[in-house]
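Taking it in order: structure first as structure tokens, then the write-up.
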Amino acid sequence: MGQIAGGAVPFDDNPGLKNALDKLERLTSVLRKPEPPDCLNANNPVHALLATTEAAFAPAPMELEAPVAAGRRPKAAIAVAPTLLSMKQASTMTTLSVSSIKRMMAAGTFPKPVRLGESRIAFVDAEIHAWVRARIAERG
């Protein structure tokens, strides 16, 4: 522990820091995920549950959007859920005040929000980014 690419050992001259880092390593090693067993026994109920759980939570294979050219490896499509931003987050991202955003929404010049409840709206992150990119492109 304490090795750097050049072979120097910077913590050897500070035993207190080395002891603290060793203690931290011991404490965090408890939190690490244990290695899966090499061979699963189908008769062991814990192993059967582990196999069932891993199969249930395994990512589903994604279909490719375009044909792959000869000699190239296909890229798997990644399904990403849209990220929603609160009014305050949209204000921070655009550097506009909340009242300016509301004024632009009323004028139809700002991305439309998603209604989450009676008094709660959110903006789609990708739409806000696209709007900002459009403002940058407009500057000429």
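Just for the stretch 127-140: of the residues that are under 18 Å from T83 (Cβ atoms) and without any contact (Cβ under 8 Å) to a residue 40 or more places away in the chain, which one is surrounded by the fewest Cβ atoms within 10 Å (Cβ to Cβ)? Walk me through it before giving the result.
Of the stretch 127-140, the ones under 18 Å from T83 (Cβ atoms) are 127-133.
With without any contact (Cβ under 8 Å) to a residue 40 or more places away in the chain added as a condition, the list becomes 127, 129-133.
Values: E127: 17, H129: 15, A130: 12, W131: 18, V132: 13, R133: 10.
Per the criteria, the residue is R133.
Across the stretch 109-135, what is the number of residues that are assigned to a helix (DSSP H, G or I) and within 26 Å of the chain's Cα centre (by Cα)?
Taking the stretch 109-135 as the starting set, the residues that turn out to be assigned to a helix (DSSP H, G or I) are 125-135.
Add one more test, that the residue is within 26 Å of the chain's Cα centre (by Cα), and what stays is 125-134.
Within the stretch 109-135, residues that are assigned to a helix (DSSP H, G or I) and within 26 Å of the chain's Cα centre (by Cα) number 10.
Is there a residue in the stretch 110-126 that is surrounded by fewer than 12 Cβ atoms within 10 Å (Cβ to Cβ), farther than 16 Å from S86 by Cβ and free of Cβ contacts under 8 Å to residues at least 40 places away in the same chain? Let's see the steps before the verdict.
Going through the stretch 110-126, the residues surrounded by fewer than 12 Cβ atoms within 10 Å (Cβ to Cβ) turn out to be 112, 115-120.
Going one step further and asking which of them are farther than 16 Å from S86 by Cβ, we end up with none.
No, the stretch 110-126 has no match at all.
No lab work stands behind these numbers, since they all come straight from the coordinates. Keep in mind that what you see is a predicted model, and the values were worked out from it rather than measured. Reconstructed Cβ throughout: ideal geometry from the backbone, glycine too, with neighbour counts over all protein chains shown.
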